[in-house]
Amino acid sequence: MPPKTIALDGPAASGKSTVGSRVADALGYLFFDTGVMYRAVTWTALQRGVEISDEKAVSKIAEEVPIDVRPPSQADGRACDVLVEKKDITWQTRRPEVDANVSAVAAYAGVRTALSEQQRRIGLRGQVVMVGRDIGTVVIPEAELKIYLDASAEERAKRRYEEIIGRGEEADYAEILDKVRKRDHVDSTRDLSPLRPAEDAVIIDSDSLDANQVFEKIMGLCA
Ligand code: DC
């Protein structure tokens with residue numbers, strides 16, 4: 001029997017979503033990328049002209065605006081649909097202005113409490129691969145399998161760079177590396193639920209592993 005709930009945490013661009021959705025498919029589990037909820041709150045705040053520095057107003061959005069994460073309705077590269085007030089905002093959550101502000105939003109206590117509660121409810125239903133930063137430490141500490149997928153900042157920036165170039169767009173490696181480092185810093189030094197592996201997490205360093213090898217390793221842990 002595979003583990004009921006799989007918690008998959010790690011830094012930005014470590015490949016969690018790619019491998020997480022493959023594992024979920026292979027097991028017939030729901031894939032739930034919790035980062036999209038923080039992105040949905042950030043996008044909604046920007047859209048409404050709410051100052052990101054206004055903790056109270058941003059937290060109110062997390063508490064009151066209905067966010068839904070569902071299996072993908074289109075085969076356009078998305079791992080899931082992200083809906084805010086029933087409107088599909090999946091690709092808007094990937095915009096650079098969201099990237100630039102989401103770490104600040106994710107550091108607010110009111111935001112974390114509101115979103116963690118919703119995530120926990122979904123996670124406890126089981127048959128789910130949950131991807132995030134604090135799933136094994138805070139959201140579902142009782143998860144039967146906890147994985148921390150790590151990779152160096154240089155390797156993660158390289159993957160992001162190749163992904164953008166692969167889409168035919170322009171990219172600057174040094175700039176991407178700088179952004180990856182800045183997000184790592186904010187995510188791992190914040191007071192609330194900082195990014196770190198749970199004590200009983202299996203740590204996988206993907207610097208020297210390709211996506212298939214990471215997938216096989218995780219499937220091996222699920223057997
Ligand atoms: O995985 P991602 O890049 O989509 O995450 C977006 C932001 O949300 C990132 O700054 C970390 C934060 N996050 C978090 O604090 N806790 C989670 N469970 C998931 C994401």
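No lab work stands behind these numbers, since they all come straight from the coordinates. It should be emphasised that the depicted structure is a prediction, and the values quoted were computed from it without experimental measurement. For neighbour counting, all protein chains shown are included, and Cβ atoms are generated from backbone atoms with ideal geometry for every residue, glycine included.
Quick notes on this one:
- The modelled label-to-label distance for the pair Glu85/Ala104, using points 7 Å beyond Cα in the direction of Cβ, is 2.3 nm.
- 3J(HN,Hα) from dihedral phi, segment 26-37, Karplus parametrisation 6.51/-1.76/1.60, rounded to Hz, x for glycine, proline: 5, 8, x, 9, 6, 9, 10, 8, 5, x, 5, 5
- Overall form of segment 134-204 per C-alpha gyration tensor (a/c, 1.5; a/b vs b/c): prolate
- Two-site FRET efficiency, Gln47 against Thr189, from Cβ-Cβ distance with R₀ of 35 Å, rounded to 0.05: 0.80
- With the charge dipole of the chain set up from +1 on Lys and Arg Cβ and -1 on Asp and Glu Cβ about the Cα centre, the Cα lying farthest toward the positive end among the listed residues Ile164, Ala223, Ser188 is that of Ala223.
- Descending by average beta-carbon neighbour count within 10 Å, the peptides 53-61, 130-138 line up as 130-138, 53-61, the highest first.
- Taken one residue at a time, the phi angles of segment 17-25 give Karplus couplings (6.51, -1.76, 1.60, θ = phi - 60°) of 5, 4, 6, x, 6, 5, 5, 4, 4 Hz. Gly and Pro are set to x.
- Net charge dipole size for segment 106-179 [Lys, Arg +1 and Asp, Glu -1 on Cβ; Debye, nearest 20]: 480 debye
- Efficiency of FRET from Cβ geometry, Asp68 and Ile164, R₀ 22 Å, rounded to 0.05: 0.20
- Within segment 102-174, GluC sites (Glu not before Pro) in DSSP loop having at most 13 other beta-carbon neighbours inside 10 Å: Glu142, Glu169, Glu170
- Overall form of segment 50-150 per C-alpha gyration tensor (a/c, 1.5; a/b vs b/c): oblate
- Couplings for segment 179-189, taken from phi via the Karplus curve 6.51 cos²θ - 1.76 cosθ + 1.60 with θ = phi - 60°, read 5, 4, 5, 5, 5, 4, 4, 5, 5, 9, 10 Hz in order; Gly and Pro are left as x.
- Computed from the Cβ-Cβ distance with R0 of 45 Å, the FRET efficiency linking Met219 to Asp172 stands at 0.80.
- Charged neighbours of Leu192, selected by a Cβ distance under 10 Å, balance to 0 (K, R count +1; D, E count -1).
- Whether segment 102-222 is rounded, prolate or oblate, judged on the alpha carbon gyration tensor where a/c under 1.5 counts as rounded: oblate
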